[in-house]
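We did not get these values from a lab; they are worked out from the coordinates using the rules stated. In this text, all values refer to a predicted model and were calculated from it rather than measured experimentally. When we count neighbours, we look across all protein chains shown, and the Cβ atoms used for this are built from the backbone with ideal geometry, even at glycine.
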Protein chains: 2
Amino acid sequence: MLASTISQARSPTHPFGAGHPTFPSPCDSQRPQLVAFRQAGEEIYAAGDPVKHIYRVEYGAVRVFRLLADGRRQISAFHVAGEIFGFEARLDHEFFAEAINATGIRPLRLAAIEDVSRDLFPVALQSLTAMQKHLLILSRHAAIERLAAFLVDMAERQGDLDQIHLPMSRMDIADHLGLTIETVSRTFTRLKELGLIQLPDSRNIEILRRNALNDIGE
Amino acid sequence: MLASTISQARSPTHPFGAGHPTFPSPCDSQRPQLVAFRQAGEEIYAAGDPVKHIYRVEYGAVRVFRLLADGRRQISAFHVAGEIFGFEARLDHEFFAEAINATGIRPLRLAAIEDVSRDLFPVALQSLTAMQKHLLILSRHAAIERLAAFLVDMAERQGDLDQIHLPMSRMDIADHLGLTIETVSRTFTRLKELGLIQLPDSRNIEILRRNALNDIGE
DNA sequence: CGATTTATTGAAATAAATCAAACATTGTGG
DNA sequence: CCACAATGTTTGATTTATTTCAATAAATCG
């Protein structure tokens, strides 16, 4: 279903076998293929396409989304370098995936079917965890809480640095957080005025008070 | 992670092996144990407890939730008879599970670890699907859209009947949809005034215009 | 450099939260 | 069985936050 954020290893003693003792990497059963390139905005897969691969982001960034009947776009996840996405629960994709900028993606071939569930299981667990985090963000009412949580998450995924680069537009962020672009923009300004972040430019954030930011987003 | 709605079988040809050819049931590797009973409000497991089982609801209803720093409660899922829950991504529960009313739950013992991922994989996929549905609901801004989607989902899980029984309180619904009890209550009234539902009493809903309700929640 | 897209800011409208009270339901004890 | 308390639900008035509509500013692209 929702493709999500997978990059670290898991505990080797999970009762559900997530950390299978002989499990070398989250994607053992998929033999790497050539890296494919996508320009900004180019499609990786579309809703309705059969699920044939999962993918690793080599560089760049990806958005995974669905389009609703009223034309709204719900971005269920962003993926940056090192992360695996494309994991869905059905035969055909329910989501679209697009490159946000110039992006390299490596399709991972699915091996023999009897091995897939074993090897892909930890990936599924990671997807569950990432989705749960997003669900938690959306359950927060206030725009400032959603944005703060989003920024903290992005910082963590970029090596816990205080300098964050946002590969996505305000529109993308709005569609991810269930807000409008105006509210996202105003909330960035508010975080700046509160002294929690700096905004060298709209795509680069410097976190000044990480703890305070964390507290707002919980 | 999020325990969720599992009751039907899946397609037997999923590329990720969800429909493993020789896969007899979602929980083959768990030998059923005795049914345990819980009064309304009684705990099934708590955050921090080690994950030892997953559970099937025999009768009654269960809420799975987490408590946030500010005291808010986020209910990530409800489970009714026939559904399996308790599936989480970590060694210890991140969530609490409680009986909503008098409820029977059957702990399913986890079998040998090498079989678990194979047998539990479809359960994980179902959890992903259910969570995705909830995420979609929360991404909707309007209270009426969230409640409509919730009611349609509950109706589907009760055999697609137009008579829905809600085992949970307004407070539970509010904590699930990210709204307040007052807004939930007002929105029920609004749906009634729009002629989409009847409210014989607060726990029993009759859907009058299913299609219209569907359209609102998408 | 001009044109187009993207981001920010402002003012007004709107929806939900909050504060508060009434009402209904359930259960308890007299 | 009734009175009463406790809990849960609905409704009302007000406040607050976000959306919407509109305009300006900044960045990007050819």
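Label positions at B:M171 and B:R203, each projected 7 Å from the Cα along the C-beta direction, are separated by 1.5 nm. Working from label points 7 Å from Cα in the Cα-to-Cβ sense, the B:K133 to B:R72 distance is 2.4 nm.
Cα centroids of the stretch B:164-202 and the stretch A:62-108: 33 Å apart. Placing a label point 7 Å from the Cα of B:E94 along the Cα-to-Cβ direction, the residues of the stretch A:126-145 with a backbone N closer than 11 Å are A:126-137.
Karplus-derived 3J(HN,Hα) values for the stretch B:157-173, using 6.51 cos²θ - 1.76 cosθ + 1.60 with θ = phi - 60°, are 7, 10, x, 6, 7, 8, 9, 9, 9, 9, x, 9, 7, 4, 4, 4, 4 Hz; glycine and proline are entered as x. The amide H of B:E94, built 1.01 Å from its N in the peptide plane, has B:G48 as neighbours under 5 Å, considering only residues 5 or more places off or on other chains.
Between copies, B:H165 shows label-point distances of 5.8 nm, shortest first, with the point placed 7 angstrom from Cα along Cα to C-beta. Inter-chain Cβ neighbour count for B:118-130, averaged per residue, equals 6 (cutoff 10 Å, partner chain atoms only).
Which net charge results for the neighbourhood of A:D175, defined as the other residues with beta-carbon distances under 11 angstrom from its beta-carbon, given Lys and Arg at +1 and Asp and Glu at -1?
Neighbourhood net charge equals +4.
Listed by chain and number, the lysines whose alpha-carbon sits under 22 Å from that of A:K133, ignoring those within fewer than 8 places in the same chain, are B:K133. Each residue of the stretch A:209-218 is assigned a 3J(HN,Hα), and the resulting list reads 10, 4, 4, 5, 4, 4, 5, 5, x, 6 Hz, derived from the Karplus form 6.51 cos²θ - 1.76 cosθ + 1.60 (θ = phi - 60°), x at Gly and Pro.
Enumerate the amide H contacts of B:A77 below 5 Å, restricted to partners 5 or more residues apart or on another chain; note that Pro and chain-start residues carry no placed amide H. For B:A77, whose amide H was placed from the backbone, the distant partners under 5 Å are B:V64.
Sorted from shortest to longest, the distances between the B:P200 label points of this copy and the other copies are 6.5 nm, with each point 7 Å from Cα along the line through the beta carbon. Residue-wise HN-Hα couplings along the stretch B:80-85, as the Karplus relation 6.51 cos²θ - 1.76 cosθ + 1.60 with θ = phi - 60° gives them from phi, are 10, 3, x, 8, 10, 9 Hz; Gly and Pro carry x. Here each label is just a point 7 Å from Cα along the line to Cβ, and for A:N211 and B:I181 those points are 3.6 nm apart. For the stretch A:119-165, the C-alpha radius of gyration divided by 2.2 N^0.38 Å, with N the number of residues, is 1.33.
With a cut-off of 14 Å between beta carbons, the residues surrounding A:L147 carry a summed charge of -2, where Lys and Arg count +1 and Asp and Glu -1.
Shortest first, A:A36 label-point distances to identical copies amount to 4.6 nm, with the label point at 7 Å from Cα along Cα→Cβ. Stokes-Einstein, applied to the Kirkwood radius of the stretch A:140-217 over Cα pairs at a viscosity of 1.567 mPa s and 4 °C, places its translational diffusion at 107 µm² s⁻¹. Summing charges over all other residues whose Cβ lies under 13 Å from the Cβ of A:E94, with Lys and Arg as +1 and Asp and Glu as -1, gives 0.
Partner shielding of A:47-58 amounts to 1, given as the average count of beta-carbon atoms from other chains within 10 Å of each residue beta-carbon.
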